[in-house]
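See below for the structure under consideration.
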Amino acid sequence: MIKKGCPMVGKGFNILVLIFCFGLLMMGCPKKAVIKEEPSAEKSEEFAAERQRTARLEAERAERALREKELKEREEAAKREFEKSLVTKKTPGIEGEVIESSLLRDIHFDFDQYDIRPGDKEILKATATLLKKYPSIKIQIEGHCDERGTLEYNLALGERRANSVKNYLLSLGIPDDRISTISYGKERPVDPGHYEEAWAKNRRAHFIILSK
Amino acid sequence: MVKYLLFPILLLSFFISSAEARVYLDINAPTFVRIPIALPKWKSADKTPPALTAKVYETLSNNLTLSGFFRVVPHQDFPLHLQQREGIPNPLSLEEWMPLGGEALLAGETFLGSDGTHIKLKFHLFDLIEKKHLVGKEYEGPIETLRNMVHRMVNEVIFQFTREKGVHNTKIAFVVRQGESKEIYSADFDGESVKQITQNQSINLSPAWSPDNKKIAFTSYLKRNPDLYMIDLDGKNLHRFLFFPGLNASPSWSPDGKQIVLMMGLEGKSDIYLVDANGGNPKKLTKGHGNEASPRWSPNGKWIAFVSDRSGSPQIYIMAQDGSNVRRLTFEGNYNTEPSWSPKGDRITFCGRVGGRFNIFTIGTDGFGLQKLTTNSGNNESPCWSPDGRYIAFSSTRTGGSKIYITNSNGLNQRPLTSSKGGESNPAWSKRFE
């Protein structure tokens, strides 16, 4: 994560050095001019323009520095937010401690369907961006179904849902070895209700982080 | 292992011994009238505790009723002098039992062995209409096998009336929800002797009895993947034997116990695979883009019924055990899943959705003779056939929570298996424990 920030800082630093040198040049030149030549109206205009340019460049530099600082702060805030979003979770009877993040948002499916809804593609793009930002993270996609279906066919449907999400993330450039899938069928509903609102919540792909 | 002796008793000379093969009842008939059977009080021989005899009587009466073949004539309907009569009646005076309306009479005695740990049951069965003796047998064994002895007795009684033994010495495995986890249990055919088999707090699904009744294969999420496990009936020797990434689910044993068909997700979707019973040599049987589920081996080992949504909706298909000769079996409705073969291999029971509700159906393997067994009774799922083909176990939400029910295979006589409040699903019927 820090690696990704470094080139930005380096680039900014180079620009700073350039501006600084240019500034020195600008400050040095008029002095020489004063010794060697009579100041003319033309020259003083040029001098004023150059001073203006210097000032503008300095203002730009300051603004850029500010922007960079803000960006860095935002990135650090995002990192803090991501770290803060992580919750370790242990499920009795299922091996391993995993991590969940509210930033890896569930997506949902239509009844008996496993294709990704157009609106949910944005969620998965955000997920892909996050995964690219933290390239060491390995995730597992859980495919879930609502209760209105038979047990084993729902296992097949959950398998397909998890894999259609995986394929979409692969298409966004996430490497295959960072994503595993698991189908829970209708065995682990988030909402135990027996009505449409609950069913809609339960037809989902959920993400867990297996390792950071 | 339970061991006990069986002594068929010699027919006494004064019994009419012409018990020829008469079939009284045809279970496959669309309707039939239960045979009214009179059960005089059993006699406690010598120092046999009456409580033990009462238990035999109660288990017997309960199992005769549960069989769906008999209606036990209420004891209080007997004339007073017969209410007090105990033990096996004189075959020459059967007339006095006839006014009760019973067509059969079953009477017996219990003997506690001198060591106090063994018990002997002796019974005689009479046809009251034809006034003849049908059968008499003795069973002997440790007291803890008493229920098993009664189950065998009922099997024998059913055999006398149908020429085919009952399934009172079978067990039904099923899944019980406990909070977030699901554990595998078993119960006797009469719902008694409920035992927990898995105890791992995980999600345990789809129990499948090995053909020798010794082990159960099932899916568990113990290692954060749906893998196949094997376990002994006493909960010992838990062993993970198939654990490819993705699904390893819905096992069904070949009749010879050498192979297992199951659902596997090796290619990003569920397909039907064949493996050796130790998990080796996986071979893919299904082709194409559908989701394939719930493979079930036919009793003769030649065919596999399974679910596929290759046509756009889940339907039942049948293929040869090498994956060839695929044909679609169900065409009515758009959600037909969970096939199970009748032991004769001529019919398949399955769960179909009608108007948003799941119901139990049977259909001939030729695609004809569709029958609906459940109506207006919540959701009914996961049907499986009993080893004699007379019953189907399934789960139903008719009283709220999901419970295992048993019905005659024609839909009559539906009753809950256990007295639990719910959380039961996914029944699987054993073979007979001989």
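Each value in this text was obtained by applying a stated rule to the coordinates, not by laboratory testing. Note that the structure is a prediction, hence the values are computed from the model and not measured. Virtual Cβ from ideal backbone geometry, glycine too; neighbours counted across all protein chains shown.
Volume per residue for region B:144-205 equals 81 cubic angstrom (convex hull of Cα atoms). Can you find, among B:F433, B:M319, B:L105, the residue farthest towards the positive end of the dipole of chain B? Put +1 on the C-beta of Lys and Arg, -1 on that of Asp and Glu. After comparing all options, I get B:M319.
Note on region A:55-105: Kirkwood radius taken over Cα pairs, Stokes-Einstein applied at 25 °C and 0.890 mPa s, translational D equal to 177 µm² s⁻¹.
Considering all alpha-carbon pairs of region B:87-186, what whole percent are spaced by more than 22 angstrom? Roughly 48 percent, rounded to a whole number.
Taking every residue in B:259-271 and counting other chain Cβ atoms within 10 Å of its Cβ, the average works out to 4.
Taken about its Cα centre, the protein assembly as shown carries a charge dipole of roughly 1320 debye when the Cβ of each Lys and Arg holds +1 and the Cβ of each Asp and Glu holds -1. Report, to the nearest 10°, how far helix B:146-162 tilts away from the longest principal axis of the Cα atoms in chain B, using its own Cα long axis and a range of 0 to 90°. Orientation of helix B:146-162: about 90 degrees from the principal axis. With a ≥ b ≥ c taken as the square roots of the eigenvalues of the C-alpha gyration tensor of region B:183-287, please select rounded if a/c is under 1.5 and otherwise prolate if a/b is larger than b/c or oblate if it is not? Taking the square roots of the gyration eigenvalues as a ≥ b ≥ c, region B:183-287 is prolate. Residue order for B:E138, B:E144, A:E100, fewest other beta carbons within 10 angstrom first, comes to B:E144, A:E100, B:E138. Ranking of B:M263, B:M230 by neighbouring Cβ atoms within 10 Å, starting from the fewest: B:M230, B:M263. Taking a threshold of 28 Å on the Cα-Cα distance, which of the pairs B:K131/B:K431; A:K125/A:K201; B:K55/B:K195; B:K131/B:K165; B:K55/B:K236 fall above it? Violating the 28 Å limit, Cα to Cα: B:K131/B:K431; B:K55/B:K236. In the distance distribution for region B:53-113, Cα-Cα pairs more than 18 Å apart total 38 percent. Inter-chain Cβ neighbour count for B:218-226, averaged per residue, equals 5 (cutoff 10 Å, partner chain atoms only). Ranked by the mean number of other Cβ atoms within 10 Å of their residues, highest first, the peptides A:47-60, B:272-285, A:155-168 fall in the order A:155-168, B:272-285, A:47-60. Local charge for B:E183 was computed over the other residues whose Cβ lies under 14 Å away, with Lys and Arg +1 and Asp and Glu -1, and equals 0. Can you give the angle from 0 to 90° between the axis of helix B:50-66 and the longest principal axis of chain B, with both taken from C-alpha atoms, to the nearest 10? Helix B:50-66 sits at roughly 50 degrees to that axis.
Sorted fewest first by neighbouring Cβ atoms within 10 angstrom, B:T117, B:T219 come out as B:T117, B:T219.
Convex hull volume of the C-alpha atoms in region A:140-211, normalised per residue: 82 Å³.
When its C-alpha radius of gyration is set against 2.2 N^0.38 Å (N residues), the protein assembly as shown gives a value of 1.42. Other residues lying with their Cβ under 14 Å from the Cβ of A:Q52 contribute a combined charge of -2, Lys and Arg counting +1, Asp and Glu -1.
Compactness of region A:83-168 was expressed as the Cα radius of gyration divided by 2.2 N^0.38 Å, which yields 1.18. For a test of the definition: using alpha carbon positions, the gyration tensor, and the 1.5 limit on a/c, classify chain B as rounded, prolate or oblate. Because a/c hits 1.5 or more and a/b exceeds b/c, chain B counts as prolate.
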